[in-house]
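Asks: For reference, the structure I am asking about is given below.
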Amino acid sequence: MRIRRATEKDIDKLASVEMSSGYHKNLLESDIRKLFVSFFRLSHPYAYILEEKNKSIGYVSIRIAGSNGEIGYLALIRKYQGRGLGKLLLNKALSLCKQMKCNKIYLSVRQDNIRAINLYKKYGFETVGINKRNKLLMERILK
């Protein structure tokens, strides 16, 4: 397995992973692609793909804004979930934010995504609120 930096050329791979994660029942892959096109137009976007034998099986996207990092998305193809691979991607995001000298990192997660919430809590994230889309807002102070 390897993690590599993703670029706009990887949008189809990122969208495919997102669609195969099992979390989107009402979105079309073309809509997911549009989200990634918008993401890469942001300032300071970072995305990393987790590959196994040249097959994209997961990814994490991070945006750096000032002294804060934001995990936009972290997803794995459904059949790869529950194997500890999310930890690899989360570690990559945390490492990037520390390298970029961020003071904190935050994210939002669906309230019914208990696996993800538990993972984030194990990594020191704390719930700080609920956003407009009824997702938990979590953050971690970086030292």
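Just so it is clear, none of the values below were taken in a lab; they were calculated from the coordinates. Bear in mind that the values here come from a model prediction, so they are computed numbers and not experimental data. Neighbour counts are summed over all protein chains in view; Cβ atoms, including those assigned to glycine, are modelled from backbone coordinates with ideal geometry.
Asks: So, R0 is 35 Å and r is the distance between the beta-carbons of residue 83 and residue 130; what FRET efficiency does that work out to, to 0.05?
Replies: 0.75
Asks: If you keep only loop residues by DSSP, which chymotrypsin sites (Phe, Trp or Tyr not before Pro) in the stretch 84-143 have at most 13 other Cβ atoms within 10 Å of their Cβ?
Replies: Working: sites: 106, 120, 123, 125; in loops: 123, 125.
Hits after loop and neighbour filter: nothing returned.
Asks: List the lysines whose alpha-carbon lies under 24 Å from that of residue 9, not counting same-chain residues fewer than 8 positions away?
Replies: 34, 53, 55, 92
Asks: Looking at the stretch 38-140, which trypsin sites (Lys or Arg not before Pro) are DSSP coil and have at most 12 other C-beta atoms within 10 Å of their C-beta? Don't skip to the answer; put the middle values down first.
Replies: On the way: sites: 41, 53, 55, 63, 78, 79, 83, 87, 92, 98, 101, 104, 110, 115, 121, 122, 132, 133, 135, 140; in loops: 53, 83, 101, 132, 133.
When the trypsin sites (Lys or Arg not before Pro) of the stretch 38-140 are filtered for loop state and at most 12 Cβ neighbours within 10 Å, 53, 83, 101, 132, 133 remain.
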